[in-house]
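Q: Starting off with a structure, shown below.
A short reminder: the numbers here are calculations on the coordinates, not readings from a lab. Bear in mind that the values here come from a model prediction, so they are computed numbers and not experimental data. No Cβ is skipped: glycine too gets one built from the backbone with ideal geometry, and neighbour counts run over all protein chains shown.
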Amino acid sequence: ARGASLTDFADKVGVDAASLVQVLFHMGEMVTATQSVNDETLQLLGEELNYDVQVVSPEDEDRELLESFSLEFGEDEGDEADLAARPPVVTVMGHVDHGKTKLLDALRKANVAAKEAGGITQSIGAYQVVTEVDGNERAITFIDTPGHEAFTAMRARGAQATDIAILVVAADDGVMPQTVEALNHAKAADVPVVVAVNKIDKEGADSTKVRGQLTEYGLVPEEYGGDTMFIDVSAKAEIGLDALLEAIVLTADAELDLRANPNQRAEGLAIEAHLDRGRGPVATVLVQRGTLRVGDSLVAGPAFGRVRAMLDEFGENIQEATPSRPALVLGLTAVPGAGDNFMVVEDDRLARQIAEKREARERNALLAKRSGRRTLEDFMSS
Ligand code: GTP
Ligand code: MG
């Protein structure tokens with residue numbers, strides 16, 4: 001049990017805490033019954049008592065928590081016939097100052113839908129762009145938290161939000177340390193990469209050099225016989241943006257089978273959340289499966305609530321959000337963390353129960369840290 005005190009451990013294994021204190025004393029550890037003990041100590045105690053003490057990750061622990069409510073996160077329900085195409089979810093990565101933020105802004109403006117809505121967009125941490133490819137309107141979802149913090153944070157929580165990574169490389173600067181770092185993140189996540197060679201408007205821009213450099217890292221441009229699309233762009237001069245959007249769609253079509261069941265209980269990820277003065281906790285969620293609707297009861301990490309209203313990136317009210325759609329959700333009781341998963345459950349009561357258990361667990365972990373001990377990531381099975 002993560003963050004368990006000696007008393008909790010004693011309860012689990014069915015002995016009294018006082019005798020555990022004694023056992024530990026003989027092992028040279030001075031611990032009181034209410035104190036938390038580290039995982040090595042728990043394992044040693046386990047051996048003494050003939051208990052198999054296993055270490056589990058917070059993700060595994062959460063899986064077990066959901067299981068105790070007969071819930072599971074992360075699976076499409078139903079079969080093949082229930083799956084429908086969904087837009088790719090894209091993250092922009094790259095070295096400092098290579099133009100990630102500028103590119104995201106430029107792409108936001110290149111959105112056909114934005115033009116229809118009068119070009120007014122508000123940043124909710126993610127947005128969808130509609131582009132035309134071969135005469136078809138295609139949507140792409142961008143997670144616009146720049147840098148790879150978002151990517152890393154979500155991956156650290158075992159949440160895979162991104163389908164495609166755009167690697168931004170400034171053509172006047174070339175491949176830099178964080179370019180390689182970003183590339184390695186994408187490789188580790190097994191996510192296809194589209195390279196945006198940015199700042200081609202600048203003097204000294206050498207996009208050929210960038211292609212050569214990245215080839216050495218295994219990203220071989222299509223024009224050199226490889227399978228990575230390189231697109232020359234200028235976020236500033238707004239050059240090559242449609243080509244970049246098209247490259248994303250083509251990469252998704254060629255390498256990924258992006259489908260989800262829109263007709264199930266909605267679930268996905270909280271991308272960003274904060275406390276708004278007037279509106280209370282607001283969270284941008286990315287729906288991954290199912291359709292999220294106003295009125296749904298949901299639990300997002302240690303937060304829960306009923307969806308009071310949903311807004312899109314234009315600040316417009318929406319009634320529902322289908323797979324790959326980001327939406328700003330109002331109505332939660334607390335602020336979830338970035339990368340926390342959310343799921344719709346039957347009713348508020350269940351949502352509250354799950355949230356409370358998660359909260360208690362986090363509190364315990366926090367206490368364990370505060371007491372100067374390592375966070376316990378142990379779980380005992382007997
Ligand atoms: P960090 O978030 O700090 O890592 O930077 P970033 O990658 O988000 O870069 P950002 O978009 O802030 O751009 C950095 C600088 O490059 C800014 O001054 C931009 O105006 C400039 N810049 C970005 N794209 C272009 C471009 O295509 N051409 C030119 N000339 N300048 C650009
Ligand atoms: Mg930036």
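Q: For the chain, set up a Gaussian network in which alpha carbons nearer than 10 Å are linked by springs, and say which option among Met93, Met30, Met229 fluctuates the most.
A: Met30
Q: Follow-up question, since we're still on this one. What FRET efficiency do you get for Met27 and Glu238 if R0 is 51 Å and r is their Cβ-Cβ distance, rounded to the nearest 0.05?
A: 0.15
Q: Next question. Hey, what did the chain get for relative contact order, percent, Cα under 8 Å, at least 6 apart?
A: Computed value for the chain: 21 percent relative contact order.
Q: Which FRET efficiency, nearest 0.05, do Ala81 and Asp52 yield, Cβ-Cβ r, R0 35 Å?
A: 0.20
Q: Give the peptides 264-270, 72-78, 281-287 in descending order of average Cβ contacts within 10 Å, highest first.
A: Order by mean packing, descending: 281-287, 264-270, 72-78.
Q: Within the chain, how many Lys pairs that are eight or more residues apart, or on different chains, come under 15 Å at the alpha-carbon?
A: 10
Q: Using a/c under 1.5 as the rounded threshold, could you call the chain rounded, prolate or oblate? The axes a ≥ b ≥ c are square roots of the C-alpha gyration tensor eigenvalues, and prolate needs a/b larger than b/c, oblate otherwise.
A: Verdict is prolate for the chain.
Q: Counting only C-alpha contacts under 8 Å and six or more residues apart, can you give the relative contact order of segment 246-285 as a whole percent?
A: 27
Q: Follow-up. Taking the Cα atoms of segment 1-106, what is the range of coordinates along each of the three principal axes, in descending order and whole Å?
A: 65, 45, 20
Q: Sticking with this one: Quick one: grab the alpha carbon gyration tensor of segment 192-247, order the square roots of its eigenvalues as a ≥ b ≥ c, and give me rounded if a/c is under 1.5, else prolate or oblate depending on whether a/b is larger than b/c.
A: It comes out oblate by the Cα gyration axes.
Q: Quick check: Cα centre of segment 214-285 to Cα centre of segment 163-213, how many Å?
A: 14
Q: Sticking with the crude label model, points 7 Å out along Cα→Cβ, report the distance from Arg308 to Lys202 in nm, one decimal please.
A: 4.5
Q: Still on this structure, please answer the following. Using Cα-Cα distances under 8 Å and only pairs 6 or more residues apart, what relative contact order does segment 201-277 have, in percent?
A: 15
Q: Stick to Cα atoms and the Kirkwood definition of Rh, then tell me Rg/Rh for segment 257-335.
A: 0.95
Q: Taking the highest mean first, how do the peptides 253-263, 190-200 order by number of other beta carbon atoms within 10 angstrom per residue?
A: Those peptides, ordered most packed to least, come out 190-200, 253-263.
Q: OK, next. Sum up the charges of everything whose Cβ sits under 15 Å from the Cβ of Ala171, counting Lys and Arg as +1 and Asp and Glu as -1, but leave Ala171 out.
A: In short, 0.
Q: If each residue's Cβ is checked for other Cβ atoms within 10 Å, how do Asp340, Asp242, Asp144 rank with the fewest at the top?
A: The order, fewest Cβ neighbours first, is Asp242, Asp340, Asp144.
Q: For a distance above 15 Å, tell me the whole-number percent of Cα pairs in segment 14-64 that qualify.
A: Within segment 14-64, distances greater than 15 Å cover 51 percent of Cα pairs.
Q: Nearest 0.05, what FRET efficiency do Lys12 and Leu256 give at R0 = 41 Å with Cβ-Cβ as r?
A: Calculated transfer efficiency: 0.40.
Q: Considering only DSSP beta bridges with both partners in the chain, what is the antiparallel share in %, to the nearest 5?
A: Among the beta bridges of the chain, antiparallel pairing accounts for roughly 75 percent.
Q: For segment 294-349 and segment 23-100, what is the separation of their Cα centres, given in Å?
A: One Cα centre to the other: 23 Å.
Q: Provide the packing ranking of 321-332, 216-227, i.e. peptides ordered by the mean count of other C-beta atoms within 10 Å per residue, highest first.
A: Highest-to-lowest ranking by the protection proxy: 321-332, 216-227.
Q: Enumerate the whole-percent occupancy of each 10 Å bin, from 0 to the last occupied one, for all C-alpha pair distances of segment 227-289.
A: Pair shares across the bins are 17, 24, 30, 25, 4.
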